Every structure is written in C-alpha cells, then in structure tokens.
C-alpha cells in the first residue's frame with residue numbers, strides 16, 4: 001500500500017492521517033491544512049480553553065444565553081441527538097448540576113444560541129469531540145480532492161475513507177489476544193471505549209455511578225462522531241441493551257469483549273470478514 005502517515009498533537013491526544021495514492025508533497029500540504037483545522041476546532045470545542053464556546057457555556061448562570069460558532073453548534077446538536085437515541089447512556093452534559101426535570105441546555109440553531117437550563121452547566125465533549133474533529137478533517141481532505149485516507153484519534157477512533165488502490169479497505173482491528181479480529185474498512189468509522197487509559201472513568205449518566213462493564217466495547221457507524229458517542233453508550237449499556245439497539249439500527253455494529261477473553265460481534269460488525 002502506497003500511503004504516507006502524518007501525526008499531530010491536539011485535544012490531549014494524538015491524531016494521525018494516512019493518505020494513499022497521492023504525491024508526497026501534495027499529501028503533506030493537505031495534512032497541514034487538516035492540522036490547522038484541528039487546532040481551530042480545539043480552540044472552539046475544548047472545555048480547557050478558557051475562550052472556547054464550551055468553556056464559555058460552562059460559565060453561564062441559569063437562564064443565560066450566549067452565541068456559539070458553527071462547529072460548537074453542530075457538535076452539540078449531534079451530541080443531543082445521540083443522547084436521545086441512547087436514552088442518555090451517552091450524555092455530554094451528564095455532570096451538570098441543578099437541572100430539574102428539563103434538559104440542562106437548549107439550542108437555537110437559527111440564532112446560533114445556547115441557553116443554560118442548569119444551575120451549573122457542565123458540557124464535556126470528550127466522548128464525541130474527537131470523532132467530530134475526524135469528520136471535519138475528512139471534509140478538509142475532500143476539499144483537497146483526496147478520497148483515499150484513514151484518520152484516527154489516539155488510536156481509539158478510526159475513520160476510513162475510500163480504500164487505497166487495489167485494497168479492499170484500511171485495516172482496522174478490535175479485540176485483544178486470541179480474540180483479536182482485523183478487517184478492511186472503507187467509508188465508515190470504528191470507535192472503542194474502555195478502561196485501559198484512564199481507569200474506571202466512564203460514568204453511567206442515568207445513575208451517576210461508574211459503569212459496570214470492565215472490558216472494552218466498540219461501535220461501528222458511518223461517521224466518527226456517532227461511532228465515538230455510541231462506543232461510550234455501548235460501554236455503559238448491558239449486553240442485552242447493545243444487542244437490542246443494533247437490531248433496530250441495521251447500519252450500526254457493536255463488539256463487546258468479555259472477561260473470559262471472548263469477543264461478541266453484533267449488528268453490522270457481525271459478519272465482517274476477518275483478516276489475519
């Protein structure tokens with residue numbers, strides 16, 4: 001495979017872009033443009049950047065409203081949609097305080113406005129922001145007429161575009177040890193959630209307790225933002241809840257590692273071919 005890989009540090013992790021079937025200088029220029037976009041996104045979406053839209057929103061008093069940018073609005077709309085779809089197994093505002101019965105915040109897309117409905121709003125896009133960034137970086141590559149590329153953030157979320165010439169897809173993997181499976185992926189995203197990096201850090205937004213699952217969970221979706229959010233929801237849900245969701249959403253796949261070392265694949269991941 002003729003592919004060049006470029007790496008950049010952002011959002012407290014690393015991002016990589018592998019570009020195939022392009023001259024080296026052109027691929028490097030396209031990757032540089034993507035990294036500029038990534039740095040801009042971090043300045044708008046990171047709650048650790050004091051001037052970002054998310055940090056500004058987290059300083060709002062109950063009932064206050066601010067104008068937010070296009071990317072913050074779009075990412076929060078996706079986050080709100082995924083919160084509804086997963087019945088709050090994924091919730092970017094789960095740690096907000098003094099919410100009451102309604103949502104912790106509301107959005108007015110026509111005015112690009114966010115209003116806090118919490119006494120203390122706490123937005124954290126850590127479980128969707130990196131995936132959203134990958135989708136935006138893919139849009140930058142498309143502007144450069146680059147169709148064959150693979151992008152990943154921290155190795156936990158991969159967005160595969162068109163396959164390199166002569167290949168069925170970009171090789172991705174899930175599972176560990178004897179249960180590990182690899183397969184070629186094109187035009188899709190695979191994201192994994194687990195405890196290996198930060199320990200017992202994933203909270204069930206519905207209860208406020210640490211998630212009971214101890215082994216990794218993966219989600220396959222058409223976009224990296226959705227895959228990112230779903231992998232968190234799948235980690236929080238029981239196996240039965242994950243299976244039910246995949247049965248309803250035919251384009252979604254899941255993989256669940258068991259304590260015994262087995263890997264259960266569901267939905268769109270069930271029948272994908274293996275490659276050793």
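Throughout, read-outs are computed from the coordinates displayed, never taken from laboratory work. Nothing here was measured: the structure is a model prediction, and the numbers come from that model. Cβ sites come from the backbone with ideal geometry, for glycine too, and all protein chains shown count toward neighbours.
Overview of results
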| quantity | calculated |
| --- | --- |
| Cα extents of segment 106-228 along the three principal axes, largest first (Å) | 56, 43, 18 |
| All Cα pairs of segment 36-82, percent lying beyond 12 Å | 62 |
| Equivalent-ellipsoid semi-axes of segment 163-276, from the Cα gyration tensor, Å, largest first | 24, 15, 13 |
| Theoretical FRET efficiency, 1/(1+(r/R0)^6), r = Cβ-Cβ of residue 55 and residue 182, R0 25 Å, to 0.05 | 0.05 |
| Two-site FRET efficiency, residue 258 against residue 13, from Cβ-Cβ distance with R₀ of 22 Å, rounded to 0.05 | 0.25 |
| Cα centroid separation - segment 1-66 against segment 207-276, whole Å | 26 |
| Cα→Cβ-extended label distance, 7 Å offset, between residue 33 and residue 241, nm | 4.2 |
| Square roots of 5 times each gyration tensor eigenvalue, C-alpha, the chain, largest first, Å | 30, 25, 14 |
| Whether segment 62-105 is rounded, prolate or oblate, judged on the alpha carbon gyration tensor where a/c under 1.5 counts as rounded | oblate |
| The chain - mean residue ellipticity at 222 nm from DSSP helices (-39,500 (n - 2.57) per run, n ≥ 4, rounded to 500) | -9500 deg cm²/dmol |
| Rough spin-label spacing in nm, given labels placed 7 Å along Cα→Cβ, for residue 84 and residue 112 | 2.3 |
| Distance between modelled label sites at residue 64 and residue 203, nm, 7 Å Cα→Cβ extension | 2.1 |
| Per-pair calculated FRET efficiency, R0 = 45 Å: residue 25 and residue 122 via Cβ, rounded to 0.05 | 0.50 |
| Debye-sum result for segment 1-142 in log10 I(q)/I(0), which assumes one identical scatterer on each alpha carbon, at q = 0.08, 0.11 Å⁻¹ | -0.26, -0.46 |
| Three-way shape label, segment 98-160, alpha-carbon gyration tensor, a/c 1.5 | oblate |
| Mean separation of Cα contacts under 8 Å (6+ apart) over length of the chain, as relative contact order % | 16 |
